[in-house]
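The values are calculated or read from the model by the stated rules, or taken from the named source; none is laboratory data. As the structure is a computational prediction, the values presented were derived from the model and not from experiment. Note that we place each Cβ from the backbone using ideal geometry, even for glycine, and neighbour counts take in every protein chain shown.
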């Protein structure tokens, strides 16, 4: 497949852009929701990255159900939501430009022909047109808060990974700051298999957004992972929106002096 030359083409056309959006920008809760893998959209210039229709809608392309959950949480909490509008196979906005898997040539068992053998210019174009606008949108949104907000990123994960079943249903991940993740786990409902740093941890390189945007500002933060079969329909999304809304409200409630 012919690769797109970054010098001669733009990746996103004017009608396809922007690369990121803010939902409920006037939300007043001291929480900034983030959904880096919200969309499976692949710009036309990239010719579907050489993927089959099935793979373009699989968990490799986006976090299934995560955007629905993030939007419902944004409404329930009245919190702004920063979301990517482009597939993570084009550029994974939860990875720094230095990370090779920011533009993966393979996701689990799925080969991505359109990401194989990219030149430095082609990688730079992905960064400039997808990652940089997402990053700036998140920075600008965080700058609008009068009170320092908690940064809460919403993700989903596949029930089976490399042939192994994942029993965990809800994960609270942290980087250097474990305050919010630990508090949320402590109050998680007993009928949900909730765990700390599962099915991933910072060692897997998945906490870039927290590390880039929350920790330098000393903001409370957590990366939330929900198994995608738990949020595959409206009732599942509503259930986890209620669970997570309650957990965030409880965990972020000012502690009474003792």
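Among the residues of the range 159-172 satisfying the criterion of being touching a residue at least 60 places away in the same chain (Cβ under 8 Å) and touching a helix residue (DSSP H, G or I) at 6+ places or on another chain (Cβ under 6 Å), which is surrounded by the fewest Cβ atoms within 10 Å (Cβ to Cβ)?
Residues of the range 159-172 that are touching a residue at least 60 places away in the same chain (Cβ under 8 Å), as a first pass: 159, 166, 169-170.
Narrowing the set further to residues that are touching a helix residue (DSSP H, G or I) at 6+ places or on another chain (Cβ under 6 Å) leaves 159, 169.
On the way: 159: 17, 169: 20.
Across the range 159-172, the extreme among qualifying residues is 159.
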Suppose the filter is modelled with pLDDT of 95 or more, assigned to a loop (DSSP other than H, G, I, E, B) and within 24 Å of residue 224 (Cα to Cα); does residue 74 pass it?
no
Determine whether the range 209-225 contains at least one residue that is without any contact (Cβ under 8 Å) to a residue 60 or more places away in the chain, in a helix (DSSP H, G or I) and over 20 Å from residue 157 (Cα atoms).
yes
Tally the residues that are buried (at least 20 other Cβ atoms within 10 Å of the Cβ), farther than 25 Å from residue 231 by Cα and touching a helix residue (DSSP H, G or I) at 6+ places or on another chain (Cβ under 7 Å), restricting the search to the range 86-103.
1
Does residue 242 satisfy being assigned to a helix (DSSP H, G or I) and crowded, with 21+ Cβ neighbours inside 10 Å?
no
Output the number of residues of the range 20-48 satisfying the condition of being farther than 24 Å from residue 102 by Cβ and outside any strand (DSSP E or B).
7
Which residues, counting only those in the range 105-140, are part of a loop (DSSP other than H, G, I, E, B), within 16 Å of residue 47 (Cα to Cα) and either free of Cβ contacts under 8 Å to residues at least 60 places away in the same chain or touching a helix residue (DSSP H, G or I) at 6+ places or on another chain (Cβ under 6 Å) (or both)?
105, 112, 116
Of the residues in the range 143-156, those that are surrounded by fewer than 22 Cβ atoms within 10 Å (Cβ to Cβ) and either under 16 Å from the mean Cα position of the chain (by Cα) or part of a loop (DSSP other than H, G, I, E, B) (or both) number 6
Evaluate the range 49-69: report whether one residue or more is part of a loop (DSSP other than H, G, I, E, B) and over 19 Å from the mean Cα position of the chain (by Cα).
yes
Would you confirm, using the coordinates I've provided, whether residue 199 is out of contact with any strand residue (DSSP E or B) (no Cβ under 8 Å at 6 or more places or on another chain) and assigned to a loop (DSSP other than H, G, I, E, B)?
no
Which of the residues spanning the range 1-19 are at pLDDT 90 or above, surrounded by 14 or more Cβ atoms within 10 Å (Cβ to Cβ) and over 14 Å from residue 128 (Cα atoms)?
16
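Considering only the range 62-85, state which residues are out of contact with any strand residue (DSSP E or B) (no Cβ under 8 Å at 6 or more places or on another chain) and crowded, with 23+ Cβ neighbours inside 10 Å.
62, the sole residue that qualifies.
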Filtered residue count, the range 167-194, keeping only those that are farther than 17 Å from residue 154 by Cβ and outside any loop (DSSP other than H, G, I, E, B)
4
